[in-house]
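Some notes on the structure that comes next.
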Amino acid sequence: MRTATRRALILSLMLAASPAGAQTISEDGAKELAAAFATYVGQPAIDQKIVSVAPGTDAYTVTIDLPKIVAGMTPADGKVDVSVQPFAFEATPKDDGTWTVTADSFPAFKLVQHKEGGEETVEIAAENYHFEGTFDAKLAAFTSGEGKVDKVTFASHSPEGDAQGEQGATTMTLQGASAADGAVTAKIHQVSAGFAETVTIKSGEAPVTVTIKTGEVALDMDIDSARQKSLLEILAFFAANPGKDKAAAAQADLKARLLAALPLWNGIGGTISFKDVAVETPMGAFKAAAFTETLGLSGASKDAYYDLGIKVDGLQLPEGLVPAWAKPALPSALDVSMRLSGPDLEAVSRLAVDKLDVGGKEPWPKDVQDQLAGYFVNGPLKLTLKPGGVTAPSLTLALEGGATILPQPPEVSATVTADGLDKTMADLQTSTDQDPNKQQALMMLGMAKALAKPGDGGKALWKIEMAKDGSVSVNGQQLQPPTQQQQQ
């Protein structure tokens with residue numbers, strides 16, 4: 001039962017192999033649909049009613065018995081308790097071979113772990129959830145969909161701390177379309193009215209409480225050419241070959257399916273943005289008019305990459321946290337984005353598949369594990385800092401550059417441009433504040449100005465380079481000689 005329940009967790013495939021031609025709701029149709037599901041979740045999941053299909057008046061009701069899934073995965077030592085309700089949705093076949101899928105509830109979830117230091121709990125619940133979408137069995141993906149939920153609440157408790165909060169009313173839309181070679185491209189857009197969370201850290205003499213509140217939260221996600229059907233074929237293999245021995249006997253078929261799924265997708269990218277962010281802490285309130293994070297991830301390709309970006313506008317720090325003389329140079333906006341690239345994930349994936357031994361004591365022998373690890377330990381690995389910067393009332397810094405991290409030793413090249421450096425220094429000099437840190441800041445800015453060369457529009461520019469020999473130079477002037485070890 002444990003194997004069957006694990007497979008039934010993959011909810012997105014529930015209609016992937018559905019019979020496309022039947023528009024009449026019937027007992028025979030329900031059996032046919034259940035048999036199609038068994039291709040991916042295994043016949044035991046159908047026999048044990050972990051996944052069941054029942055005919056209704058104008059739709060089939062598909063039920064995923066989550067309590068049975070949990071029972072099959074929960075340790076028998078009694079240290080973990082999980083409570084969850086079954087999840088059900090309705091599927092209506094359409095004349096064009098697609099399905100209308102609707103769901104009017106999302107199961108609440110609670111996890112309790114009984115540990116020596118005390119109980120740890122996690123709870124999640126959604127109120128008035130609804131989803132309706134069109135599923136294309138040929139693509140094994142939704143081509144359109146809309147969803148909403150009035151509120152999502154969550155809470156966690158442990159001896160170390162507590163957290164509780166909610167996500168406000170949320171709407172979601174999705175679109176999917178076919179891409180080359182049977183892949184799927186999709187877009188997801190979600191907007192929430194707000195987000196709130198209170199975190200209490202139980203450490204030291206007194207608990208520390210932090211409260212986070214935001215206005216509107218928007219999420220956008222793009223999936224480029226996901227190999228959805230090929231991924232489902234991998235699940236179908238394990239459903240047809242349960243157990244290590246059967247899988248090992250047919251591992252040539254498994255390897256072919258794994259290779260067919262590469263590179264899994266061409267790219268996945270997403271942006272999440274928060275408006276009117278306020279973080280209340282014992283030090284005071286940290287605020288931002290907007291906070292945006294972007295992420296990007298390639299598939300298992302030769303030119304693999306990982307992107308990360310952070311953008312903050314309207315940043316405000318608590319009163320009294322910094323001295324008054326420093327406020328003109330205090331950042332009010334930040335825009336930084338970078339890319340890690342280099343590892344040949346296609347070569348890694350193909351080597352892993354080629355050397356896979358399902359029936360062995362370990363999937364890969366030690367020498368193959370070392371060879372796979374070498375792709376990440378030995379490089380290449382590069383960091384690219386895309387054009388961005390920091391903005392303050394009197395000073396703007398622009399940044400861009402890159403670094404070769406692997407193979408060692410590293411090599412770095414970056415360009416920093418400052419607009420408003422003279423004004424910032426003048427403001428500090430005219431300040432009557434006697435804080436000794438002000439003088440230290442002036443000295444550092446003076447040293448930086450001395451190293452700068454003129455840029456466009458009277459800006460100050462620094463070209464910073466670190467060579468493989470460890471030497472560091474700014475605008476061609478060496479500030480640190482090669483290290484002794486590298487000279488030898």
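Rule-based calculations on the coordinates, nothing more; no lab input. Just so you know, these numbers come straight off a predicted model, no measurement behind them. Virtual Cβ from ideal backbone geometry, glycine too; neighbours counted across all protein chains shown.
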- [ ] Can you spot the aspartates and glutamates whose alpha carbon is less than 18 Å from K327's alpha carbon? Ignore those fewer than 8 places along the same chain.
- [x] D313, E319, D419, D422, D427, D433, D435
Open item on the list: Over the stretch 334-397, what portion of Cα pair distances is larger than 19 Å, expressed as a whole percent?
Closed with: 54 percent
TODO: Tell me what the chain gives for mean residue ellipticity at 222 nm when only DSSP H runs of n ≥ 4 count, each as -39,500 (n - 2.57), the sum divided by the residue total, rounded to 500 deg cm²/dmol.
DONE: -7000 deg cm²/dmol
Open item on the list: Which of the three applies to the stretch 155-247, rounded, prolate or oblate, going by the alpha-carbon gyration tensor with a ≥ b ≥ c and a/c under 1.5 meaning rounded?
Closed with: oblate
Open item on the list: Students often get this wrong, so check it: of K302/K355; K151/K213; K202/K275; K138/K187; K115/K202; K31/K94, which have C-alpha atoms separated by over 21 Å?
Closed with: K202/K275
- [ ] Across the stretch 404-465, how many lysine pairs, 8 or more positions apart or on different chains, have C-alpha atoms separated by under 13 Å? Please give the number.
- [x] 5
- [ ] Over 24 Å, how big is the tail of the calculated P(r) for the stretch 71-214, in percent of all Cα pairs?
- [x] 52 percent
Open item on the list: Limiting things to C-alpha atoms, what are the Rg and the maximum Cα-Cα separation (Dmax) for the stretch 284-339, in angstroms?
Closed with: 16.4, 51
Open item on the list: Quick check for me: using +1 on Lys/Arg Cβ and -1 on Asp/Glu Cβ, what's the dipole size of the stretch 379-488 about its Cα centre, in debye to the nearest 20?
Closed with: 200 debye
Open item on the list: List the lysines whose Cα sits under 19 Å from the Cα of K68, skipping any in the same chain fewer than 8 residues away.
Closed with: K49, K79, K110
TODO: Excluding residues on the same chain fewer than 8 positions from K246, give the aspartates and glutamates whose Cα lies under 17 Å from its Cα.
DONE: E233, D357, E362
Open item on the list: For the stretch 379-488, report the % of Cα-Cα distances exceeding 22 Å.
Closed with: 45 percent
Task: Cα-based Rg / Dmax (Å) for the chain - done: 28.4, 87
